[in-house]
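In what follows, a single structure is set out as structure tokens and then discussed.
The values are calculated or read from the model by the stated rules, or taken from the named source; none is laboratory data. Quantities reported herein were computed from a predicted structural model and do not represent experimental measurements. Don't worry about glycine lacking a Cβ; one is built from the backbone with ideal geometry, like all the others, and counts go over all protein chains shown. Surface areas here come from the heavy atoms of the whole protein model, side chains and all, with no ligands, DNA or RNA. Shrake-Rupley method; radii C 1.70, N 1.55, O 1.52, S 1.80 Å.
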Amino acid sequence: MSDLDTAAKATKRAAKELAGEARGAIENAADRASDTYETARDLADSVDPFVRDRPYLSLAIAGLAGLVIGGLMAPTRPKVIYVKPRA
């Protein structure tokens, strides 16, 4: 057997291993996505009656949460623009 045949077999073996690892990673990601979807669905089902019973309070809570999150994500340093006078 030549060195070329040996290299081809090694490459084929490595490709099969990588394909198996990729399949495993895809299955793991699909399982995690399914679990996350189920959790989000359960949370939405538990929140839905509150939103239907008190729509204005729900809107106020969402607005307040948006303001708080926006305030936390805003830059802490003020943006200062220096204007240099013309000479």
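Taking a ≥ b ≥ c as the square roots of the Cα gyration tensor eigenvalues, with a/c under 1.5 meaning rounded and otherwise prolate when a/b beats b/c, else oblate, which class fits the chain?
oblate
On the accessible surface of the chain, probed at 1.4 Å, how many percent belong to carbon and sulfur atoms?
So the carbon and sulfur contribution to the accessible surface is 63 percent.
With charges set only on the Cβ (+1 for Lys and Arg, -1 for Asp and Glu), what does the dipole of the chain come to about its Cα centre, in debye to the nearest 20?
Rounded to the nearest 20 debye, it is 900 debye.
Pairing the Cα long axis of helix 3-53 with the longest principal axis of the chain, what angle in degrees results, from 0 to 90 and rounded to the nearest 10?
30
Using a Förster radius of 41 Å, what is the FRET efficiency between V68 and K9 based on their Cβ-Cβ separation? Nearest 0.05, please.
0.10
Please compute the per residue accessible area over region 15-87 with all protein chains in place, 1.4 Å probe, rounded to a whole number of Å². Mind showing how you got there, number by number?
Working: 7180 Å² over 73 residues.
In whole numbers, region 15-87 has 98 Å² accessible per residue.
Ranked from the most accessible area to the least, with a 1.4 Å probe and all protein chains present, what is the order of V51, V80?
Details: V51 65, V80 90 Å².
From most exposed to least exposed: V80, V51.
Which of T6, A65, V51 sits farthest toward the positive end of the charge dipole of the chain, with +1 on the Cβ of Lys and Arg and -1 on the Cβ of Asp and Glu?
It is A65.
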